[in-house]
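What follows is one structure encoded as structure tokens, with my remarks underneath.
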Amino acid sequence: MIASVGSAGLLLFAAGEEAKVHLTSQTRIVAAILAIAFMAMILELIRRNRLQERYSVVWFVAGLGMLAGAAFPGLLTIVADLMGVRDTNVALFSIVLLLLLGLALNFSVIMSRQAAQITRLAQERALEQAREQADGEQNGDRPGRSEGQSSRSS
Amino acid sequence: MRTLVFIPAWNEEASVTEVIGDVREHVPAADLLVVDDGSTDATAARAREAGAVVASLPFNQGLGAALQTGYLYALREGYGCCAHLDADGQHPAAEVSRLLEEVVADRADLVIGSRYRGAGEEVEAEPGEGDDYKPTISRRIGTSVFRFFLTVATRQRFTDTTSGMRAANRRVMALFSENYSPDFAEIESLQLAVRQGLRVEEVPVRMLERAGGSSFLTPLRSAFFIFKGLIVLLVGSFRPRQVEVER
């Protein structure tokens, strides 16, 4: 039983090696629809101000890539050949994986930048507050000084 | 020379008043700033009551950001030199004034108070001032690892790499207010200062046991701490030298 399943799997594997493109027209249509829906979603997010344009570019490129892959399956074969990968599925998965990895890294970079900006913002606010307190105490030291006078002098 | 002593404090309402009083007594000429690092207790209020100027960060940003705030304040308000010490009462203010002397005399740009270097040589123990500092085992391991790597990275001998008691002049303020890692303030700042050609010096100081609370270092945390520190040192060694700090 197990042996027969194993041999069937082996046969399938061998068959896969010969036929380079596995995409049936059905999967291609599904992929194209998904890609279009994905890009529509991105447009909608931008329209509602939930996504900034500058961060949408990368997702559009991804959507277009998906669409291109669905429309021209031959592209994938070319890419797989360039990568030296015999199985186009493996090529597809590794490309997607690498892209996602790059995106995640890109987010970490953006996050770090924003964290630094937030820190500086917090510091500026704290400093302003401290300066106000220090100025106030300085003015308070001098007797007979009213609010109006201190604001005129500064 | 106008002097600023600043104290980074995060939820230290129990000890901050005492530390401020200590600084007032031993460094009477200095202005006092408490950098409240997003405390959720009454640290800021206590500090104001005690007569310190308080810079409150709206949320907790970590020690590095808090220290940088202090350096920024000192730089912008035109102080000639500044010093900082921990708010938990480990650092006697009398020692801070000794660090400041080194900076005022222009023998160094940045002076680190070291609890390990030459203990007992230059420091006269004042009786009745509390126990001497006794480090825990995990801290001792971490300290020696950092000591080794920082010595390799800077080619200068440092004994107390994580000391939070320091004094600095305007060159250091200018450097630290722009470049200060929020993640690894102590180690990276030393490396940075040495690489920028600043004179960094260690002065032996006496430190006390923590007055309250416990150290945040557990073994696992220590390991993470050390690992992060090594990354910081490694990256720091390859970072381009910035434009020479103006002399």
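What the table shows:
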| read-out | value |
| --- | --- |
| Wholly enclosed helices (runs of 4 or more DSSP H) of the range B:43-105 bearing at least 3 residues within 13 Å of chain A (Cβ to nearest Cβ) | B:43-49, B:63-76 |
| Within the range B:8-42, tally of residues that are more than 14 Å from every other protein chain (Cβ to nearest Cβ), touching a helix residue (DSSP H, G or I) at 6+ places or on another chain (Cβ under 7 Å) and β-branched (V, I, T) | 5 |
| Count of residues meeting criterion [part of a loop (DSSP other than H, G, I, E, B) and crowded, with 19+ Cβ neighbours inside 10 Å] in the range B:163-180 | 4 |
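Yes or no, residue by residue, for (1) within 13 Å of another protein chain (Cβ to nearest Cβ); (2) polar (S, T, N, Q); (3) within 15 Å of the chain's Cα centre (by Cα):
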| site | (1), (2), (3) |
| --- | --- |
| A:A104 | no, no, yes |
| A:S108 | no, yes, yes |
| A:A116 | yes, no, no |
| A:L121 | yes, no, no |
| A:N139 | no, yes, no |
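Each reported figure results from applying straightforward, stated rules to the coordinates on display, with no laboratory input. Since the structure is predicted, the reported quantities are computational estimates derived from the model, not experimental observations. Please note: Cβ atoms are built from the backbone with ideal geometry, for glycine as well, and neighbour counts cover all protein chains shown.
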